[in-house]
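Below is one structure, written out as C-alpha cells; comments come after it.
The values are calculated or read from the model by the stated rules, or taken from the named source; none is laboratory data. Worth saying up front: this structure is predicted, and the values here are computed from it rather than measured. Neighbour counts run over all protein chains shown; Cβ positions are idealised from the backbone, glycine included. Areas reflect the complete protein model, heavy atoms only, side chains present, ligands, DNA and RNA absent. Shrake-Rupley method; radii C 1.70, N 1.55, O 1.52, S 1.80 Å.
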Amino acid sequence: MKAINEKILSWASIMEPKAEEQVKNISQLPFVYKHVAVMPDAHLGKGACVGSVVATDGAIIPSCVGVDIGCGMIAVKTKFKASDLPDSLESIRNGIERRIPLGAGGAHAKPCEAGVAFMKDTLDSEKLRPSAKLLSDDRLKEKALRQFGSLGSGNHFIEICLDENQGVWIMLHSGSRGVGNVLAGKHIERAKELMKQYFISLPDPDLAYLVRGTPEFEAYVQDLLWAQAYALQNRDEMMNRVLTELSYALFKEGGHEEEIEVERVNCHHNFTQMENHFGKNLWITRKGAIQARVGQLGIIPGSMGTKSYIIRGKGNPLAYESCSHGAGRRFSRNEARRRLSMADFDREMKGIECRRSEALIDELPSAYKDIDQVMDDQKDLVEVVATLKQVVSVKGD
C-alpha cells in the first residue's frame, strides 16, 4: 500500500494515469471522508475509477455506484470431484445456456417463480419498496420480471471450476440487469441537473451527487436498496438453475440440488451501504470492490481463462474493510479488439469448454491485468481460501 497523497491510499502497483486522475477528482469532493482507498485492480471507469472505495458523509455519488447496481459474484462449492464430471463438458454448457437467458436483452419468455415472488414481495413491501419510477412504469416492471434469472452481457459469466483438490465449484457474475441500469441512469441524470441548478462546479460532471435529507437522495436510496436485493437474488436464481443442470447431468434426474451444494458465497462489488468506520457512520461506496471484513468470505475472479479466488477478508481498516473485485482491465474493449484475434482466443482458451466467438475477444485474459500480481498487491487485505480454474465458461455476448 502507498499514499498517493493525504487523501488517497492505493494498493495498485499498476494504474494508468487517467484512472489516477479520476481518483484525485473524487478525493477533492468536500463530503469524502478521510481518504479514497484504491484497490489493486483499479482501472479507468465512467466518472469514478473502477476499483475504488469511497467513504462519504452526507452525500452519495450515483455514478460511483454505477449503472449496474448490485453487480457481483456468487460461488457454490459442490460435493463433486473432477472425476465425477463427464469426459465431454459440451452438453453441460449447452444445458446451462438453455436454462439461463444470455446477452444484453436476454429474458425469460415466461417469468420464473422466484422472480414473481421477489417482485410481489418487494413491490408490496414498505421496507424494500422502490421509488415511484418503477412502481408507475408497467413496462419496466415487466422487464424486471422477465429478466430475473438472466445473465446479461459484457464480462458477466457462468463458470464451472476446479479447486486445488479437484473439487468442483460453480461461479457466476451478474447484476441488476436492465432495471438496475434504467433506475441508475435516472438518478445520475437527476444529480447532474441539480448540480446545474445550484451552480455547483465539479472536476467531472459524472461526479454529480445527491445530498442527504433531500427527496432526490431518499428516492435514490430506495431504488438502490431494491436493485441491490434484485441483483443478489437474481444470482441466486441462476445458481439454482445451474445446480439443476448438474442434477440432470450427473444424476440423470432433477431434485438433487440441495445435496449437490456444500457452501454458497454471494457478494456485491458495485454497491453502497451504511457502515461504521473510524467511529463514524458513513456511506461506503465500492465501485469494483468487495467487502472484506475479518473472516468474511468473498470472490475475486481473474478473467476468462485464468485463475479465480475464494478469499477470506482481513478487515483492513485503511481499506474500509475491502479488497479487489477481480483482475481489472489492462485494455479498453475497443483496444482489446484492436490488439487481439481469434488465434489469441484459441491459444488462451485452450482446454476450456466455451463458445468460440469473435464477440468474446475483448474478454480474453490478455485484456486483463495479471491476477497473480493483483493478489500479491492485496496480501494485507485478504487470505486465499481456494484457488479455482475454470473448465466450462459461459458468456453473454
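Going by the conditions given, is residue 34 modelled with pLDDT under 95 and open to solvent by 10 Å² or more (accessible area, probe 1.4 Å)?
Here the answer is no, as residue 34 does not meet what is asked.
It is to be established whether one or more residues within segment 200-222 are open to solvent by 20 Å² or more (accessible area, probe 1.4 Å), among the basic types (Lys, Arg) and assigned to a helix (DSSP H, G or I).
Checking segment 200-222: not a single residue is open to solvent by 20 Å² or more (accessible area, probe 1.4 Å), among the basic types (Lys, Arg) and assigned to a helix (DSSP H, G or I).
Pairs please, first residue from segment 123-141 and in contact (Cβ under 8 Å) with a residue 24 or more places away in the chain, second anywhere and among the acidic types (Asp, Glu) and open to solvent by less than 70 Å² (accessible area, probe 1.4 Å), Cβ atoms under 9 Å, 6+ apart in sequence or on different chains.
130/223; 131/223; 133/223; 134/223
Within segment 360-374, is there a residue that is under 19 Å from residue 265 (Cβ atoms), assigned to a helix (DSSP H, G or I) and not charged (D, E, K, R)?
yes
Would segment 351-358 turn up any residue that is surrounded by 21 or more Cβ atoms within 10 Å (Cβ to Cβ) and in contact with a helix residue (DSSP H, G or I) (Cβ under 9 Å, 6 or more places away or on another chain)?
Among the residues of segment 351-358, at least one is surrounded by 21 or more Cβ atoms within 10 Å (Cβ to Cβ) and in contact with a helix residue (DSSP H, G or I) (Cβ under 9 Å, 6 or more places away or on another chain), which makes the answer yes.
Name the residues in segment 223-243 that are farther than 16 Å from residue 148 by Cβ and either open to solvent by 20 Å² or more (accessible area, probe 1.4 Å) or touching a Phe, Trp or Tyr at 6+ places or on another chain (Cβ under 6 Å) (or both), would you?
Scanning segment 223-243 gives a single hit, 225.
So, in segment 17-61, exactly how many residues are in contact with a Phe, Trp or Tyr (Cβ under 7 Å, 6 or more places away or on another chain), among the aliphatic types (A, V, I, L, M), part of a strand (DSSP E or B) and in contact (Cβ under 8 Å) with a residue 40 or more places away in the chain?
6
What number of residues in segment 311-350 are of a type in the set (D, E, K, R), surrounded by 17 or more Cβ atoms within 10 Å (Cβ to Cβ) and farther than 30 Å from residue 85 by Cα?
Total meeting the criteria: 4.
List the number of the failed condition for residue 276; all other conditions in (1) of a type in the set (S, T, N, Q); (2) in contact with a Leu (Cβ under 8 Å, 6 or more places away or on another chain); (3) within 30 Å of residue 136 (Cα to Cα) hold.
(3)
Does at least one position in segment 152-172 carry a residue that is within 20 Å of the chain's Cα centre (by Cα), among the hydroxyl-bearing types (Ser, Thr, Tyr) and within 19 Å of residue 65 (Cα to Cα)?
Within segment 152-172 (the criterion being within 20 Å of the chain's Cα centre (by Cα), among the hydroxyl-bearing types (Ser, Thr, Tyr) and within 19 Å of residue 65 (Cα to Cα)), the answer is yes, since at least one residue qualifies.
Any chance segment 294-310 includes a residue that's under 30 Å from residue 44 (Cβ atoms), open to solvent by 30 Å² or more (accessible area, probe 1.4 Å) and either free of Cβ contacts under 8 Å to residues at least 40 places away in the same chain or among the basic types (Lys, Arg) (or both)?
Yes.
What are the pairs, 6+ residues apart or on separate chains, where a residue within segment 263-278 that is in contact (Cβ under 8 Å) with a residue 12 or more places away in the chain and under 16 Å from residue 289 (Cβ atoms) has its Cβ under 6 Å from a residue that is hydroxyl-bearing (Ser, Thr, Tyr) and outside any strand (DSSP E or B)?
Between residues of segment 263-278 that are in contact (Cβ under 8 Å) with a residue 12 or more places away in the chain and under 16 Å from residue 289 (Cβ atoms) and residues that are hydroxyl-bearing (Ser, Thr, Tyr) and outside any strand (DSSP E or B), the close pairs are 277/320.
Can you run down the residue pairs with Cβ atoms below 9 Å, 6 or more apart or on separate chains, where the first is in segment 94-107 and farther than 15 Å from residue 249 by Cβ and the partner is of a type in the set (Val, Ile, Thr)?
102/158; 102/394; 106/100
Looking only at segment 43-65, how many residues end up being at pLDDT 95 or above, small (Gly, Ala, Ser) and touching a helix residue (DSSP H, G or I) at 6+ places or on another chain (Cβ under 7 Å)?
Of the residues in segment 43-65, 2 are at pLDDT 95 or above, small (Gly, Ala, Ser) and touching a helix residue (DSSP H, G or I) at 6+ places or on another chain (Cβ under 7 Å).
Against the definition (within 21 Å of the chain's Cα centre (by Cα), among the acidic types (Asp, Glu), modelled with pLDDT of 95 or more and open to solvent by less than 50 Å² (accessible area, probe 1.4 Å)), how does residue 362 come out, yes or no?
Taking the combined requirement at face value, the residue does not satisfy it.
Select the helices (runs of 4 or more DSSP H) contained entirely in segment 70-178, then report the ones holding at least 1 residues which are open to solvent by 50 Å² or more (accessible area, probe 1.4 Å) and at pLDDT 95 or above.
90-99, 113-123, 138-147
Quick check on residue 48: is it crowded, with 24+ Cβ neighbours inside 10 Å, under 23 Å from the mean Cα position of the chain (by Cα) and closer than 20 Å to residue 209 by Cα?
Answer is yes for this residue.
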